[in-house]
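As structure tokens, the structure follows; a few thoughts come after it.
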Amino acid sequence: MASSNARFDLSSDAAILAAAREILPWMIEIRRDLHQHPELGLEEYRTSGRIQTLLDGLGIEHVDGLGGTGILGTLKGRGDRVVALRADMDGLPIHDAKDVPYRSQVPGKMHACGHDVHCSCLLGAARLLAGMGEELPGTVKLLFQPAEETVGGAQLLIAAGALENPPVEAIFGLHVEPGLDVGQFEVRYGQRNASSDTITLVIHGRSGHGAYPAGTVDAIVVAAQVISALQTVVSRNVDARECAVVSFGTIHGGSAGNIVANQVELVGTVRCLDPDIRTLVLRRLRETAEGVARAFGGEADVNIEPGYDPLINDDNSVDLVQRNATRLVGEENVFVKATPNMGVEDFAYYLSQVPGAFFSLGVRNQEAGIVHSVHHELFDADENCLAYGAAIQAMNALAVLRR
């Protein structure tokens, strides 16, 4: 295997993939180390330290401690353009049930969403680009981000100035996709992921004996009417050609079967793909809950906790990724996602600041039994995906710097 400071010929697509395959054993070693030592959001101190050591070995300057554990590495070339590549670092509170030598050694914690793969791919891309030396045609920022799964660590890196000084022209991120075979990619134009907001409703009534409800305001009855009315916000306020979801997952109220409840609490989630639809839906949810509760003699306290923004890809950046992926693995292995994902991803915050694209990296290997979804206790990735991930991120960066 090449030394960590070896020079690489990245003059052609074939050369980039060959170089990525040359450093694949190095990336596998990194991935397995990270996989065995997962850390939750804002706790990624070991992970951050390991990445810092690897960047030092590559001669890449870096600023540490962004948002607590985040890292900004910088590769400076001879041009004025600046591009950013991002990987998230945190694991999940899931028990690793795989029977493999590199399974998690931390009870109850696991890299079940592939962030160990993301970090290894970014380090691989960094090694390839660093190997160009003075031939690198611009500056590449390497964002190793904490807490994607929890508090939206992208916001922490943005607040720390990761996209400024010098300002970033474009940003790219990838995510493992166990629905795709290793050696395949998937892109999505425009809306890729939904926003997510948490809504908490507290319905206030007036308690009394269940035998004499006329002297009460039944908070359970009021809550039932509010729940039904809130489902009409999507069906009657959102254009049928748009998309939104309102779901309530918990309801708590009452103390005994013969006592009219004086309070009920509901907690739900709101998902939207368009920022304007998001604003509309949240406004109408508040108005409807308060109005219906008053109509039945009660009151509704509405609290909306903002979550992640919708992830909206830049079409020109998606074009760039699609071209690079096609050159790398052939048109038959590059797919365009037909529908958006109602799940969330905090890469959205970067895209609200600069153009870019978030895309999917195939990791499935059915023959090897690597078929389980992310956030599953048996999730794994065919490690050959690391070469494809590193290669395409290097290609994406160079495409921006050379244009």
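Summary table below
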quantity	calculated
Some residue of the stretch 280-302 being surrounded by fewer than 22 Cβ atoms within 10 Å (Cβ to Cβ), of a type in the set (Phe, Trp, Tyr) and not in a strand (DSSP E or B)	yes
Residue match in the stretch 105-125 (condition: touching a Phe, Trp or Tyr at 6+ places or on another chain (Cβ under 9 Å), in the same structural domain as ASN165 (by TED's automatic domain parsing) and on the phi > 0 side of the Ramachandran plot)	yes
Meets criteria (surrounded by 19 or more Cβ atoms within 10 Å (Cβ to Cβ), in the same structural domain as TYR102 (by TED's automatic domain parsing), part of a loop (DSSP other than H, G, I, E, B) and of a type in the set (D, E, K, R)) for GLU377	no
Scope the stretch 107-134; condition over 17 Å from THR74 (Cβ atoms) and either part of a loop (DSSP other than H, G, I, E, B) or touching a Cys at 6+ places or on another chain (Cβ under 6 Å) (or both); matching residues	PRO107, GLY108, LYS109, HIS111, ALA112, CYS113, GLY114
Per-region count, the stretch 177-219, residues more than 25 Å from LEU282 (Cβ to Cβ) and not assigned by TED's automatic domain parsing to the domain that holds ARG21	13
Flag if THR53 is surrounded by 22 or more Cβ atoms within 10 Å (Cβ to Cβ) and either in contact with an Asp or Glu (Cβ under 6 Å, 6 or more places away or on another chain) or among the β-branched types (Val, Ile, Thr) (or both)	no
Condition check for THR250: among the polar types (S, T, N, Q), outside the structural domain of GLY343 (by TED's automatic domain parsing) and under 31 Å from the mean Cα position of the chain (by Cα)	yes
Condition met for MET395 (surrounded by 20 or more Cβ atoms within 10 Å (Cβ to Cβ) and either in the same structural domain as THR232 (by TED's automatic domain parsing) or at negative phi (or both))	yes
Number of positions in the stretch 236-279 that are without any contact (Cβ under 8 Å) to a residue 40 or more places away in the chain, of a type in the set (A, V, I, L, M, F, W, C), under 15 Å from ASP197 (Cα atoms) and not in a strand (DSSP E or B)	1
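The values are calculated or read from the model by the stated rules, or taken from the named source; none is laboratory data. Since we're looking at a predicted model, the values are computed, not measured. So basically every Cβ, Gly included, is an ideal-geometry build from the backbone, and we count neighbours across all protein chains shown.
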